[in-house]
Amino acid sequence: MMVLHPHHLLCIPRFAGKGYSEEFSRNMRQVSESLRNNPQQPVQLVCRSDVLCVRCPNRRGEECCSQATVRALDGDVLQLCGLQENDVMPWETLQMLAQKNITDAGHFTKICS
């Protein structure tokens with residue numbers, strides 16, 4: 001099972017490899033490829049350090065240097081998608097929920113400004 005922040009449901013499909021450290025970008029590409037190749041892979045949504053945070057240059061111990069922002073992003077995604085922390089669903093299902101309830105509903109730019 002893969003462990004991800006809820007807001008990473010929005011980041012992963014749009015990742016272009018720009019503006020990040022090489023180590024973070026390499027990890028993001030690996031995670032993205034794994035999910036793309038296995039859309040039924042179970043993902044647990046957590047509001048703590050996840051598989052992407054491990055290589056993030058903004059990580060400070062177990063938290064982000066922008067922890068308040070991260071909490072707000074995660075909360076927005078959970079609320080708009082009708083999800084809760086620790087929910088487990090296939091990647092494909094989570095992507096469909098994010099697409100329908102955030103992107104298609106016009107909330108993406110409000111969350112990821």
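The values are calculated or read from the model by the stated rules, or taken from the named source; none is laboratory data. If you're wondering where the values come from, they're calculated on a predicted model, not measured in any experiment. Cβ: placed from backbone, ideal geometry, glycine included. Neighbour counts: every protein chain shown. Ligands, DNA and RNA are excluded from the accessible area calculation, which covers all protein heavy atoms including side chains. Shrake-Rupley method; radii C 1.70, N 1.55, O 1.52, S 1.80 Å.
Over the chain, with the other protein chains present, what is the accessible area per residue in square angstrom, probe 1.4 angstrom?
Accessible area per residue: 57 Å².
Using a 1.4 Å probe on the protein heavy atoms only, what accessible surface does E23 show? Give it in Å² to the nearest 10.
That residue has around 90 Å² of solvent-accessible surface.
What is the Cα convex hull volume of the stretch 46-113 when expressed per residue in Å³?
93
Using only alpha carbon pairs under 8 Å that are at least six residues apart, calculate the relative contact order of the chain and give it in whole percent.
33
In the chain, what percent of the accessible surface is made up of carbon and sulfur (1.4 Å probe, ligands and nucleic acids excluded)?
48
Which is the longest part of the chain that has none of the trypsin sites (Lys or Arg not before Pro) sitting in a DSSP loop with at most 16 other Cβ atoms within 10 Å?
Formally, the longest exposed-site-free interval is 49-113.
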